[in-house]
1. Give me the number: length gained by fully extending LYS210 to LYS150, i.e. 0.36 nm times residue separation minus the C-alpha to C-alpha distance, one decimal in nm.
2. What do the square roots of 5 times the Cα gyration tensor eigenvalues come to for the stretch 3-112, in whole Å, largest first, as semi-axes of the equivalent ellipsoid?
3. Could you work out [θ]222 nm for the chain from helices alone, using -39500 (n - 2.57) per DSSP H run of at least four and dividing by all its residues? Round to the nearest 500 deg cm²/dmol.
4. What is the extension gain from GLN182 to HIS198, computed as 0.36 nm multiplied by their sequence separation minus the C-alpha to C-alpha distance, in nm to one decimal?
5. Once you treat every alpha carbon in the stretch 19-77 as an equal point and sum by Debye, what is log10 I(q)/I(0) at q = 0.22 Å⁻¹?
6. Could you work out how far apart the two model spin labels at THR119 and ASN141 are, taking each label as a point 7 Å from the Cα in the direction of the beta carbon, and quote it in nm?
7. For the stretch 187-229, list log₁₀ I(q)/I(0) at each q in 0.21, 0.23, 0.25, 0.28 Å⁻¹, using the Debye formula over Cα point scatterers of equal strength and ignoring solvent, two decimals each.
8. Ranking request for peptides 31-44, 234-247, 158-171: highest mean number of other beta-carbon atoms within 10 Å first, then the rest in descending order.
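Since every read-out is calculated from the coordinates, none of them should be taken as a lab result. Everything quoted here is computed from the prediction, not taken from an experiment. In this analysis, Cβ positions are derived from the backbone assuming ideal geometry, glycine residues included, and neighbour counts consider all displayed protein chains.
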Amino acid sequence: METAQLISVFSKFDEASNFKSFQELASGHINDTYLIETVQQPKFVLQRINHGVFKDVPGLIENKVSVSIHIQEKFKALGKAGEKKEVLRFVRTKEGKSYYQSENGDYWNLMLFIEDSVTFETVHDPEIAYEGGKLFGEFLNLTDDFDASKLTEVIPKFHDMSFRFQQFDAALLNASSDRVKQAETLISKVKAFKEEMHILQNLKDNGAIKIRVTHNDTKISNALFTKENKGLCVIDTDTIMPGIVHYDFGDAIRTICNSAAEDEQNLELVTFNVAYYKAYLKGFLEKTGSALSAIELRYLPLGAKSMIFIMAIRFLTDFLNNDVYYKTKYENHNLVRAKNQFKLIASMEEQMNQIQEKHE
Ligand code: GN1
Ligand code: MG
């Protein structure tokens, strides 16, 4: 990204002046994100939304801006009760729009940077798991009265299991024999899990589980914490859509309970941490417990397993498709990610008794 191009985009937004420098924040797999410093404060986060992946960017922006405003109003009404909490604040363009589209068709949005925060790619402290549970639980709570049917489904069938299996089957048909061979063991695992991995999908489809506003990308690196390790703000709200509680519970568990990063190659380092599961569950239920039905509660462990599986099948599918979706840093990156997620499932399965025990 050229500095001049970035300055030109930045200058289209209101409040945007005195540009000093920028740096890329490279942790996302889909969008391009830049931290912008200005001569005076504040700092900003400028984001180019990948419109190959997100087909309806105006709908996506409308989702996240309206949910942010909803939460801001809740904070105002409730007061922050002594806890420091933040919500993303989007800056409008000088023309009053919540995104800017450049001449080449790219979509951009600008947020205020949240100061004095830290993030975690992996968790090494049960307090972070507990605080993460409270933070994502509160997100669900604060959006409980937001009409989910008003949200655009930014990626249709994003967590739909049958859809992910269809994509996997199609990828398998077209994949190179070399990639199929490398993925052989995982391919048979996918097939073996098919039935179990449709249980939640079927319950959702027949209306047994409530449709809520869900974040859909609750990996722990999408939570900001204060320097004192308290949950501060939920970020990366691009995939806010209607969904079930299990998606958000599960994706957080997937990343909090993995003792290693999602692309750790040494599978011996990848184990499922039950103590963190319990800590996250405690925080999450403190904020949501009374709002969840018996069926929602009962299926939380399967929710976690299903979300780990969804990522496994998606990474594997992308590997079979020659890496067309996720950003990759090396040849087998998606295969490594998929192997890592299957190892996490295996480790979770070994400890399922201890996990279930918390739900009886
Ligand atoms: C992608 O781009 P990022 O890192 O926020 C993906 C998520 C996956 C995640 C895995 C739109 O999110 O679904 O959980 O990678 N987002 C999309 O790390 O596909
Ligand atoms: Mg994301």
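1. Full extension from LYS210 to LYS150 adds 20.1 nm.
2. Taking √(5λ) for each Cα gyration eigenvalue gives 24, 18, 14 Å.
3. It lands at -14500 deg cm²/dmol.
4. 3.2 nm
5. At q = 0.22 Å⁻¹ the computed log10 ratios are -0.97.
6. 2.5
7. So the normalised log intensities are -0.85, -0.88, -0.92, -0.96.
8. Going from most to least packed, we get 234-247, 158-171, 31-44.
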